[in-house]
Amino acid sequence: LVVWRHRTVPGALALFGLGVAATLWSFSYALELSTVGSPLAIIWARVQYLGIMALPVAWMIFALQYTNHYRWLNRYTLSGLLFIPLVTQVLVWTNDLHYLIWTRITLDTSRQFPVLNYDHGVGFWICNGFAHLCLLAGTVLLVQSFRSAPRLYLLQTMIFVFGASMPWLAN
């Protein structure tokens with residue numbers, strides 16, 4: 001809500017989109033976990049990909065806006081950024097026809113709570129590589145801006161770089 005109130009600030013809408021994507025991903029994962037053993041779990045796993053694939057695109061757009069690289073935000077760049085996420089959505093929802101995202105899904109009951117285990121196909125690895133490239137490129141842009149940032153924005157940029165490192169550490 002704070003970001004939304006400041007949506008006219010460069011990068012704010014992309015940062016808001018990033019938050020929405022992360023929320024959708026987390027919420028649908030929670031619903032997947034709560035419905036394990038039911039066919040609904042796979043539906044929630046598919047819904048997660050809306051957030052999973054929107055997040056790196058929003059991150060990249062945010063980084064470009066925050067670092068004043070507006071010239072790179074044109075229809076060609078945006079088309080390129082959206083191509084793999086859109087193809088991934090089609091593959092996720094049609095996985096039973098080709099198994100390019102998940103080659104096999106099994107129920108793991110060896111833990112305190114049952115979870116689904118996914119064996120990933122080539123489509124998953126392509127979208128995963130794309131996501132990591134976006135995260136890396138956006139992080140590099142922020143680190144570069146950190147080096148030339150006015151002292152006034154130094155702490156803000158350091159916080160963004162620290163936040164950007166969290167997905168890397170989690171992976």
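The values are calculated or read from the model by the stated rules, or taken from the named source; none is laboratory data. As the structure is a computational prediction, the values presented were derived from the model and not from experiment. In this analysis, Cβ positions are derived from the backbone assuming ideal geometry, glycine residues included, and neighbour counts consider all displayed protein chains. The area values use the complete protein model at the heavy-atom level, side chains included, leaving out ligands, DNA and RNA. Shrake-Rupley method; radii C 1.70, N 1.55, O 1.52, S 1.80 Å.
Things worth noting here:
- Of all the options GLN89, GLN48, GLN156, the one that moves most in a Gaussian network model of the chain with Cα springs shorter than 10 angstrom is GLN156.
- The range 73-158 - Rg and Dmax from Cα coordinates, angstrom: 18.9, 54
- The fraction of Cα-Cα pairs per 5 angstrom bin, counted from 0 for the chain, comes to 1, 8, 14, 19, 18, 14, 10, 7, 5, 2, 0 percent, rounded to whole percents.
- For the range 8-42 and the range 51-98, distance of Cα centres in Å: 16 Å
- Rounded FRET efficiency, nearest 0.05, which uses the C-beta distance separating ARG7 from SER79 and R0 of 22 Å: 0.40
- Here the 3J(HN,Hα) profile of the range 4-11, calculated from phi with Karplus coefficients 6.51, -1.76 and 1.60 at θ = phi - 60°, is 4, 5, 10, 5, 7, 6, x, x Hz, Gly and Pro shown as x.
- The length gained by stretching the chain between ASN128 and HIS69 to full extension, at 0.36 nm per residue less their Cα-Cα distance, is 18.8 nm.
- Using R0 = 35 Å, the C-beta based FRET efficiency linking ALA137 and ASN117 works out to 0.70.
- Solvent accessible area, Å² - ARG104, 1.4 Å probe, full protein context: 140 Å²
- Computed E for TYR29/LEU152 - FRET, C-beta separation, R0 41 angstrom, nearest 0.05: 0.60
- Computed [θ] at 222 nm, helices only, for the chain once each DSSP H run of length n ≥ 4 contributes -39500 (n - 2.57): -24500 deg cm²/dmol
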